[in-house]
Each structure stands twice: as C-alpha cells, then as structure tokens.
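The values are calculated or read from the model by the stated rules, or taken from the named source; none is laboratory data. As the structure is a computational prediction, the values presented were derived from the model and not from experiment. When we count neighbours, we look across all protein chains shown, and the Cβ atoms used for this are built from the backbone with ideal geometry, even at glycine. Each accessible area value is taken on the protein alone, full model and side chains, heavy atoms only, with ligands, DNA and RNA left out. Shrake-Rupley method; radii C 1.70, N 1.55, O 1.52, S 1.80 Å.
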Amino acid sequence: MQKAQEAAAVGVTKLARYIFLICPVFCLLMYAQGSSAAVLPEDRADILIHNYSGDNSTFKGPSILVRKEFKDTYSAWANYYVDMNSAASIDVETQGSAYTEERTEMSAGIDYLYDTTVLSASFTNSSENDYEADSFALGLSQDFFGDMSTLTMGYSKGDDDIYQNLRLDPDSNRITGRDFKGNASHQRFSLGWTQVFTKNWIVAFNAEASVDEGFLNNPYRLVRFVVPTGSGFSREPEKYPTTRSSQAFAVKSMYYLPWHAAFKLEFRTFKDSWDIKASNYEFKYIQPYKEQWTFEFRYRGYQQTGAEFYNDLFPNQDDTFKASDKELSTFQNSTIGFGITYELNKQWIWGLDKVTVNLFSDLVSSDYEDFGNKRESEGLQSLGTSAGDESQFAFDAQITRFFISIWY
C-alpha cells in the first residue's frame, strides 16, 4: 500500500515537473510563431454499428456522432453510444452465471479557434446498472512555424461510483438491488509534439501520465487460494491497492509513398506502480484505389508483464493485495485488421459535401502465460483437471465496425 502511494506521489511530481518545464518553451514558441492559422474539424456526422465477439461474450450497439461549426471560431460535437453486453466469459462461467447488461454513454464537447490555437473542452457520462462514471477533459493544440509543428497538451479527470448488483437467488438473473462498493477517481495528463519533416513524412511524439485512486478492482471477481488442510482450493474477493500511477510514451510516423499510398508505424511503452510493463507496435498500410476506394491493412502486437500482486492460484489466504484478473497477468496478443472505405458519387449525395461507407474488421488473438484455462477444472465443462494444472488460456476475438460518415 505504502509503495503504491509513494509511486503515485512520484508520478504527480514528475507531471508537475514536465508542465513547469514546458511552459517557458510554450511561451517562447508563442512569441516566435508565424501568421498562419489552425483550422477546426470539418462538419460531419458518423453513424456506427460495432460488434465484438470472443470468449463466449458479445458486445454490440450503435453510436451516433455529430459535429457542427458556427461563427467560424467554434465547433461543437455530441456523441451517443450504446454497448449491449451478453457475457459468458471464462471468469463469468467459473465464478457466476451468464448475464446481459447495457451501457449508455453520452458525451459532448466544444472547440474554440483563435489564430493558431485550438482550445477544447468535453464532458462524458457513462451509465450502467452497476457503474456510474462522469469525466471532463481540457485540451490545447498550438501550431508553429507555418503549421509545420504542433504542440498538444491535455488534462482529464473522472469520478466513478462502483456498485455490485444483488440478485434474488443464484439461479435468477433478475436484479433486485445494488450494493455500493466505493468511489474511484482518475486523472490523465498528456503532452505531444507533431513535426512535419518533409512533404511526405510526419512524426508525432506523445507522453501520458495518469493517477488513479479509490476502489480500483472489480467487485465481482474472486481469487483462488490453496486450502491449508485437505485438498482443493477456496475463494475470496480480490483486493487491490487504492492508488495507481502510470506513464506511457509513444512515437508515431506516417510516410506518404509516391504511388498515392501511405505507411504508418507506431511504437508505445507503458509502465505503472503495480509493476506492469507493456509495449505495443503497429504497422498500417493505406492504399487508395481509383477515386472512390480506400483499403487499409494493419498489424498490431502487444505484450505485458503481470502485476506484482497477481497470481492465478495463491498459496494461502492472507491480507496482502491480490488479483486474478487475466488482464493483470503476463500475456500477449496480436491483431490483424482490414478496412475498406467507399466514397459515394457526387450525383448521389445532393446537398452534401461527401459521404463514405466504411467497414473495418479485426481478428485479435490473445495468449496468457500465467492464467490457466479454468474451464478445465471448474464450471459445467470441467475436465477434472486439478486447480493450478490447467493449460494456458488463449482465445480469439472478432471485432467489426460498420459506419457511414457524412460531411456537410
């Protein structure tokens, strides 16, 4: 606990130091900038249907995003997003019963343009039957040197209320009430620099730090521990530290090829006060075809180490921090993605600037190094395997997004 709190304090101190160092540089660049101006995002609307399917769970729903500029200096936007979840994942199957729920998210924001500066503010509310979350975000984007360089800074803060649903009996999914478990707060600080090196090459550098405090674990998830006498195991609720700080650094590069294509490369590293270290890289190739088609191909790799208090089967029961969430274990995954965009003919979209129809699909394969396939030792499909002797868990997931974008 003390170690996590000290790490969080160190994270906040580093953030303050970064902001202190960047302010004089920012003022100097403001003085030295040219007369070119930044631009607001274009007026557009997006209508999306998303679907995730993997590990006996599905997440699907619609999303509608609308953005509109007014008075030449403001651009307002609003988004409505629904996530309908039907879950029978390995955690659900071995620790409870399948369930369905719905999450609704509403967000809105505004951008203000002044010369080469864009100031942004937004608010988001996310609501489901056992989780309520509100957050706001502030951002700044500043162009320099004839729009060849861009500095971005951002800050966001979120407050969550976490509940645990109560049911009438173990065989019923009907929710009869909910038990309040605690609050959580989240702060994010970001800093970025984008540089145009040539007419074909652009590079972006980004840094992000975060501080999370409060009730940070899942109220439903349990950990397994070996029973001191006899054989087998028992369960108890997870117990997390009440603080977590993290830092992430990323570099992105895009190069435009002579045959009107583009190649994008991204690399990102992450570490936190829970001793998790992660990195990911992504390659993306974008190829227009004729005047109306655009094809995208991408590959992403991700790997991470486990949290210092993670274990799939604890040797005993004690009061130390403990977690069995597979997302805090040592694992890796890879993503292969494909996308296609078609721009409608002008004569079909009378009164509109542009309309595109888009379809993107990803196949994600995840392999866990120290999280066992508990379906082999528990649940309805148990193979009689002893706890701790299960094979390593792995699963594939399919993610599909279909959306229509309208510019007006």
10 Å-binned pair-distance histogram of segment 271-387 (Cα, whole percent) | 11, 25, 23, 17, 13, 9, 2, 0
Consider all pairwise Cα distances in segment 113-200 and report the whole-number % of them above 17 Å.
-> 65 percent
Could you give the accessible area per residue of segment 46-111, probe 1.4 Å, as a whole number in Å²?
-> 50 Å²
Size of electric dipole in segment 324-408: Cβ of Lys, Arg +1 and of Asp, Glu -1, about Cα centre, debye, nearest 20 | 680 debye
Dipole-positive endmost among Leu257, Trp193, Gln317 within the chain (Cβ charges, Cα centre) = Leu257
Cross-link table Lys199/Lys277; Lys199/Lys290; Lys271/Lys354; Lys60/Lys264; Lys181/Lys326; Lys60/Lys252, entries beyond 32 Å C-alpha to C-alpha = Lys199/Lys277; Lys271/Lys354
The FRET efficiency for Ile110 and Glu236, from their Cβ-Cβ distance with R0 = 60 Å and rounded to 0.05, is 0.80
Pseudo-spin-label distance Ala394 to Leu40, built 7 Å along Cα→Cβ, given in nm, is 5.1 nm
Extension length gain for Phe263 and Lys199 (0.36 nm per residue less Cα distance), in nm, is 21.6 nm
Under a Cβ-Cβ cut-off of 9 Å, what is the net charge of the residues other than Ser253 that fall near it, where Lys and Arg count +1 and Asp and Glu count -1?
-> +1
Please get the size of the charge dipole for the chain, origin at its Cα centre, with Cβ charges of +1 on Lys and Arg and -1 on Asp and Glu, quoted in debye to the nearest 20.
-> 1100 debye
Taking 0.36 nm per intervening residue step and subtracting the Cα-Cα distance, what contour gain separates Asn129 from Ala78 on full extension?
-> 16.1 nm
Provide Rg and Dmax in Å for segment 113-270, with only Cα atoms included in the calculation.
-> 23.1, 74
State the percentage of accessible surface on the chain attributable to carbon and sulfur atoms; use a 1.4 Å probe and exclude ligands, DNA and RNA.
-> 59 percent
With segment 176-215 reduced to its Cα atoms and the Debye formula applied, log10 I(q)/I(0) at q = 0.15, 0.16, 0.35 1/Å amounts to -0.59, -0.62, -1.07
Between the modelled labels at Ile336 and Asp275 (7 Å from Cα along Cα→Cβ) the distance in nm is 3.6 nm
For segment 246-293, restrict the atom set to alpha-carbon positions and state the Rg and Dmax in Å.
-> 15.9, 50
Dipole of the chain (Lys/Arg Cβ +1, Asp/Glu Cβ -1, origin at the Cα centre): which of Thr124, Tyr114, Gln304 lies farthest to the positive side?
-> Tyr114
Quick one: Kirkwood hydrodynamic radius for the chain, alpha-carbon pairs, angstrom, one decimal?
-> 24.4 Å
Mind checking the per residue accessible area of segment 178-319 for me, 1.4 Å probe, whole number of Å²?
-> 55 Å²
Charge dipole magnitude, Cβ of K and R +1, D and E -1 - segment 287-342, Cα centre, debye nearest 20 | 420 debye
For the residue pair Leu140 and Asn183, what label-to-label distance in nm results when each label sits 7 Å from Cα along the Cα-to-beta-carbon direction?
-> 2.8 nm
Rg and Dmax of segment 300-369, Cα atoms, in Å?
-> 22.7, 71
Cross-link partners among aspartates and glutamates for Lys374, C-alpha distance below 20 Å, same-chain residues fewer than 8 apart left out?
-> Asp55, Asp91, Glu93, Glu236, Glu238, Asp312, Asp325, Glu327, Asp389, Glu390, Asp396
In degrees, nearest 10, range 0 to 90: what is the angle between the Cα axis of helix 2-32 and the longest Cα principal axis of the chain?
-> 0 degrees
Cut-off 13 Å between beta-carbons: net charge of the residues surrounding Gly61, Lys and Arg +1, Asp and Glu -1 | -2
In this structure, the FRET efficiency calculated for Leu352 and Asp159 from their beta-carbon separation, with R0 = 51 Å, to the nearest 0.05, is 0.80
